[in-house]
Amino acid sequence: MMKKAVVLGATWGMGYALVCELNKRQDIEVVAFARNEKKMHDLFSKMNKHVTMVTGDALKKEDIFNACKGANWIFQAINVPYPKWSIEHPKIMNHVLLAAKNENAKFIMIDNVYAYGRSNGKKVTEQTSKHPHTKKGKIRLQLEKMVKESKVKYLFAHFPDYYGPNAVNTTLHFTLKPIIQNKSALFVGPLHIPREYVYTPDGAKAAVELALRNDTYNEHWNIPGTKVITGHEIIRIVRELTGFQKKVRKVTKNMIALLGIFNQDMREVYEMMYLTEEPVVLSGQKYEKRIGALPNTPYEVGLMETIQYMKNHESL
């Protein structure tokens, strides 16, 4: 009997990767939910297996309920612009949790590292206490509390920064786009500090593996990237892949602060710049011990596939 997996926020980053990964699994009907009907059609209409596309607004309870009808799993990958987090994220979460209750569905939260707060210099495990010092980190902790109080069957998958096909709202996409256009580029944060990035197809594969098991729920799971890597190393790889020779300059915290005087989005980005200077690095030991080897695409391969996707699918 076919089971149904619903991916909310299906047209961006990890949501897109989740639809692609679920679509490979036998006996799973995949429902993709997002606002933009044309974008969904462009992304999913030519997939090997049928994907049901549902257009709607996550701020409308009836739209979420409609998308989640008959669901066995609900993947929450919706994000909203930083300035709207405090109002829209709790409202969306309330709708999604009600839908999960109505359908008796398992709930998978696609999450980041913000709630962990500042790094203590060690790899973060699922047992690391959460002490968020930013507004957005506190919102993530608020959402976590909502989930745990809802009594739905849940799991949290925590990821570092993304990169990958269709992962457009990311710092590495911001760097790669002008490089593909053969223009001078910017890299967000110091180039010499090793940071962690997860290739979205790897992250989606790990999250789906967790979701399809019965012994992984009511727990947190960290899904790290392949390894830490500096901006200098990333730029070296990209130069080798593309032949790019122009300058890549760093975007500093002070530059973001200056832009924030005129732009609310930049003001919101400013408080998260600590992650570029003292990165939170995730431990994947729990996953490896309980599930097996983490998906582990080398940066050389992931960046090559990301660049190729951008050339083929984006207006550059």
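Hey, which lysines would be in cross-link range of K183, C-alpha to C-alpha under 22 Å, not counting anything within fewer than 8 residues on its own chain? Qualifying lysines at Cα under 22 Å: K246, K247, K250, K311.
With both labels modelled 7 Å from their Cα along Cα-to-Cβ, the A293 to E240 distance reads 2.1 nm. In the chain, the DSSP-assigned H stretches of four residues or longer account for a calculated mean residue ellipticity at 222 nm of -12500 deg cm²/dmol, using -39500 (n - 2.57) per stretch and the full residue count as denominator.
Under the criterion of Cα pairs below 8 Å and six or more residues apart, the relative contact order for segment 6-140 equals 21 percent. Contact order, relative form, for segment 125-195: 14 percent (alpha carbon pairs under 8 Å, 6 or more residues apart, mean separation divided by residue count).
Taking amide H as placed 1.01 Å from N in the peptide plane, the amide H of V168 sits under 5 Å from that of G13, each at least 5 places away or on another chain. Shape class for segment 98-181: oblate, because the ratio a/c of the largest to smallest gyration tensor axis (alpha-carbon atoms, square roots of eigenvalues) is 1.5 or more and b/c is at least a/b. Expressed in units of 2.2 N^0.38 Å, where N is the residue count, the Cα radius of gyration of segment 176-309 is 1.23. Computed about its Cα centre, the charge dipole of segment 39-96 is approximately 100 debye, with only Lys, Arg, Asp and Glu carrying charge at their Cβ. Residue-wise HN-Hα couplings along segment 206-211, as the Karplus relation 6.51 cos²θ - 1.76 cosθ + 1.60 with θ = phi - 60° gives them from phi, are 5, 5, 5, 4, 5, 5 Hz; Gly and Pro carry x.
In whole Hz, with x marking every Gly and Pro, tabulate ³J(HN,Hα) for segment 198-204 from phi via Karplus 6.51 cos²θ - 1.76 cosθ + 1.60, θ = phi - 60°. My calculation for segment 198-204 gives 10, 6, 4, x, 5, x, 5 Hz in order. Taking amide H positions as modeled 1.01 Å from N, with prolines and chain starts lacking one, the residues under 5 Å from K250 and 5 or more places away or on another chain are F187.
Between N66 and T52, the modelled label-to-label distance comes to 1.3 nm, taking each label 7 Å out from Cα in the direction of the beta carbon.
Measuring r between the beta carbons of N182 and V301 and using R0 = 25 Å, the FRET efficiency lands at 0.65. Spatial offset of segment 262-316 relative to segment 198-217 amounts to 16 Å, using the alpha carbon center of each. Taking θ as phi - 60° and the Karplus parameters 6.51, -1.76 and 1.60, the scalar couplings of segment 113-125 work out to 10, 4, 5, 6, x, 5, 6, 9, x, 10, 5, 7, 9 Hz in sequence order, x denoting glycine and proline.
Summarising the amide proton neighbourhood of E29: residues at separation of 5 or more, or on other chains, whose placed amide H is nearer than 5 Å comprise K3, K4, A5.
Hey, which lysines would be in cross-link range of K49, C-alpha to C-alpha under 19 Å, not counting anything within fewer than 8 residues on its own chain? Leaving aside lysines fewer than 8 places away in the same chain, those within reach of K49 are K3, K4, K24, K38, K39, K205.
No lab work stands behind these numbers, since they all come straight from the coordinates. A quick note: this is a predicted structure, and the numbers were derived from the prediction, not measured. Quick reminder, even Gly has a Cβ in these numbers, built from the backbone with ideal geometry, and neighbours come from all protein chains shown.
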